[in-house]
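Participant: If you scroll down you'll find the structure; I have some questions about it.
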Protein chains: 2
Amino acid sequence: MKPAALTWAISSSLPSLRKSERKVAEFILANLTNVIRMRIVDLAEKAEVSEPTVVRFCRAVGCEGFQDFKLALAQQLASSPSYGQIAVTDQDSVAEYTFKVFDSTVDTLLKVRDSLDLKMLDQAVQALCVANRVEFYGFGASAAVATDAQHKFFRLQVSAAAYADPHLQNMSAASMAPGDVVIAISQSGRTTTLINAMERVKSRGAIVIAIAPSDSPVANAANIPLTIDVKEDFQIYTPLSSRIAHLVLIDVLAIGVAQHKGGRLQEHLLEMQLGLEVLREPLENH
Amino acid sequence: MKPAALTWAISSSLPSLRKSERKVAEFILANLTNVIRMRIVDLAEKAEVSEPTVVRFCRAVGCEGFQDFKLALAQQLASSPSYGQIAVTDQDSVAEYTFKVFDSTVDTLLKVRDSLDLKMLDQAVQALCVANRVEFYGFGASAAVATDAQHKFFRLQVSAAAYADPHLQNMSAASMAPGDVVIAISQSGRTTTLINAMERVKSRGAIVIAIAPSDSPVANAANIPLTIDVKEDFQIYTPLSSRIAHLVLIDVLAIGVAQHKGGRLQEHLLEMQLGLEVLREPLENH
DNA sequence: ATTTTTCTGTAAATTATTTACAATAAAGCT
DNA sequence: AGCTTTATTGTAAATAATTTACAGAAAAAT
């Protein structure tokens with residue numbers, strides 16, 4: 001059983017469970033972290049059922065037995081640090097906030113990974129593979145994401161550009177043609193200027209891919225929406241991890257394109273690597 | 001016991017273990033993934049020791065008993081996907097490479113998190129807190145990181161700039177003064193131009209923080225080196241996750257600064273939030 | 001209302017883990 | 001070197017946990 005799917009398996013099989021098994025499920029969902037250290041007797045007592053019922057429950061959600069279930073649960077919890085909430089406080093030490101920032105980022109990435117629409121992603125990759133040129137639009141924090149994306153696609157021998165300036169964006173949009181692709185990146189999903197540019201691009205017959213929250217104007221304005229929802233408490237001490245999710249999603253697109261381009265690309269990358277070498281300090285030999 | 005530290009605890013306590021306990025440790029390290037599904041009898045047999053020895057070993061590495069040990073190990077393995085190797089292949093489906101890209105990024109982040117020098121990090125935060133102005137230097141992929149960092153620090157009411165152009169970088173470097181801080185970002189750690197700019201900044205009496213691989217010329221040229229080592233197979237199909245690690249590290253620095261700045265910042269961020277709102281589409285009410 | 005089926009718990013058996021102790025090996029001492 | 005002491009390991013027993021088999025109860029169907 002894939003660990004990440006366990007709590008989901010529990011919740012989704014809730015209706016099909018027997019009455020007393022459901023008691024077990026409910027108790028477990030309400031006490032995820034404690035359950036992994038419980039013995040079957042304790043759990044049975046707390047859930048007010050008999051021990052065999054617990055075992056039956058474990059089998060019902062696809063595990064071998066109680067031990068196997070606990071193991072799977074422990075793994076899922078370890079891979080989703082969110083279950084213990086992460087929020088940096090005033091009193092945190094360096095070590096504490098460092099861990100929290102990293103953990104919350106990891107948490108975001110895992111959640112995004114599990115919520116992606118793979119069909120859309122595939123469509124996006126297909127579109128990018130046959131594109132004549134690819135441009136990235138983004139403002140604010142997304143401008144950096146666009147720059148990064150441009151750099152990444154450039155390495156893949158795709159003619160790529162990134163615009164953070166509304167004027168340039170609109171000028172570029174006006175020059176788009178069928179066979180071109182624009183990737184619009186927005187964290188809020190509600191940037192008016194960006195939506196205008198997107199409409200213009202669509203009217204020119206080019207394809208617009210959006211990386212934005214679901215149900216947002218930006219996502220809705222796209223031909224291929226890639227939706228990413230990160231609950232972003234806009235408190236200061238909460239780091240903005242949606243940027244990172246956007247970047248990783250673009251990595252996925254790039255990998256998809258690289259895969260399609262296949263072998264010839266490898267040579268190109270090697271050449272580029274060698275080209276960069278002249279700008280560097282020699283490697284020490286120790 | 002903190003799960004992430006388990007295998008480390010095992011390896012590091014190897015010398016202090018007794019002969020037969022070491023047999024257990026060695027077997028476990030060589031069979032991490034299998035061990036979590038083993039019973040104590042199997043493990044004892046495979047490691048050619050008695051069952052109590054296994055229990056003694058578990059206690060020696062800081063666990064309550066065998067069960068507790070297995071749980072901790074399972075959690076650690078779940079939180080480090082790397083133990084099953086991640087490399088995108090030609091035949092991977094969208095789902096496969098998507099997961100691999102996300103997982104390898106997560107893996108990188110967790111490794112970096114555990115290898116950071118927190119003392120240096122604290123020094124960097126201290127320096128940034130009292131800085132008059134902060135500038136970010138980076139080329140290539142690190143240029144996007146620098147842009148992102150600039151944006152992030154700007155939000156924290158720090159006068160920040162980012163330069164990806166060697167000329168601008170050098171001009172800026174020449175205008176540095178004591179009390180200023182430069183953060184030099186490099187994935188290779190060997191960019192000659194960057195090192196020159198760093199030397200110039202240092203000669204002006206400003207502080208240079210480097211984000212670069214350890215033992216690299218860039219790291220060595222800094223007053224405060226923040227070292228990040230990501231084993232980056234320069235194969236095409238391996239995503240560049242060191243960028244992401246750099247970004248997250250900068251998040252940490254930003255959080256550190258935000259924490260020091262304390263309450264007044266909160267108001268500022270709220271104001272800025274409201275300011276951005278006029279550039280956006282209205283929120284739908286559904 | 002009775003039969004059949006499904007569900008749940010009791011009690012027993014199995015299996016796993018841990019403890020107590022004894023034997024052995026290693027180290028220290030005279 | 002030989003004896004004593006201490007440390008290490010395994011054997012066997014006890015404890016504890018999980019699972020199975022079965023029977024009783026509840027629900028559904030006839």
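The values are calculated or read from the model by the stated rules, or taken from the named source; none is laboratory data. Worth saying up front: this structure is predicted, and the values here are computed from it rather than measured. When we count neighbours, we look across all protein chains shown, and the Cβ atoms used for this are built from the backbone with ideal geometry, even at glycine. Surface areas here come from the heavy atoms of the whole protein model, side chains and all, with no ligands, DNA or RNA. Shrake-Rupley method; radii C 1.70, N 1.55, O 1.52, S 1.80 Å.
Participant: If you go through the range A:140-154 one residue at a time, do you hit one that is more than 21 Å from the chain's Cα centre (by Cα) and touching a residue at least 24 places away in the same chain (Cβ under 8 Å)? Before the answer, list the steps.
Facilitator: Here is the first cut: in the range A:140-154, the residues more than 21 Å from the chain's Cα centre (by Cα) are A:154.
When the remaining residues are screened for being touching a residue at least 24 places away in the same chain (Cβ under 8 Å), the result is none.
For the range A:140-154, residues more than 21 Å from the chain's Cα centre (by Cα) and touching a residue at least 24 places away in the same chain (Cβ under 8 Å): absent.
Participant: Same structure again: Looking for whichever is facing chain A (nearest Cβ under 7 Å), open to solvent by 30 Å² or more (accessible area, probe 1.4 Å) and at pLDDT 85 or above here; the options are B:Leu118, B:Leu71. Which one fits?
Facilitator: The match here is B:Leu118.
Participant: Same structure again: Pick out the one residue from A:Ala219, A:Ala197, A:Ala210, A:Ala162 that is small (Gly, Ala, Ser) and surrounded by fewer than 24 Cβ atoms within 10 Å (Cβ to Cβ). Before you say what the answer is, go through the steps one by one.
Facilitator: On the way: A:Ala197 fails: surrounded by fewer than 24 Cβ atoms within 10 Å (Cβ to Cβ); A:Ala210 fails: surrounded by fewer than 24 Cβ atoms within 10 Å (Cβ to Cβ); A:Ala162 fails: surrounded by fewer than 24 Cβ atoms within 10 Å (Cβ to Cβ).
Result: A:Ala219 is the single residue among A:Ala219, A:Ala197, A:Ala210, A:Ala162 that is small (Gly, Ala, Ser) and surrounded by fewer than 24 Cβ atoms within 10 Å (Cβ to Cβ).
Participant: In this structure, does B:Val106 turn out to be more than 28 Å from A:Ala164 (Cβ to Cβ) and open to solvent by 10 Å² or more (accessible area, probe 1.4 Å)?
Facilitator: Taking the combined requirement at face value, the residue does not satisfy it.
Participant: Restricting the range B:25-44 to residues that are exposed (fewer than 14 other Cβ atoms within 10 Å of the Cβ) and polar (S, T, N, Q), which is farthest from DNA strand C (Cβ to nearest atom)?
Facilitator: B:Thr33
Participant: Quick one: A:Phe69 ticks every box in (1) within 14 Å of DNA strand C (Cβ to nearest atom); (2) in contact with a Cys (Cβ under 7 Å, 6 or more places away or on another chain) except a single one, so which number is it?
Facilitator: Tallying (1) within 14 Å of DNA strand C (Cβ to nearest atom); (2) in contact with a Cys (Cβ under 7 Å, 6 or more places away or on another chain), A:Phe69 fails exactly one: (1).
Participant: Report, by residue number, each residue of the range B:45-60 that is more than 8 Å from DNA strand C (Cβ to nearest atom), among the aliphatic types (A, V, I, L, M) and either open to solvent by less than 10 Å² (accessible area, probe 1.4 Å) or within 14 Å of chain A (Cβ to nearest Cβ) (or both).
Facilitator: Within the range B:45-60, B:Ala47 is the sole residue that qualifies.
Participant: Within the range A:124-168, take every residue that is among the charged types (D, E, K, R) and at pLDDT 90 or above and give me the one that is farthest from A:Ile185 (Cα to Cα).
Facilitator: A:Arg133
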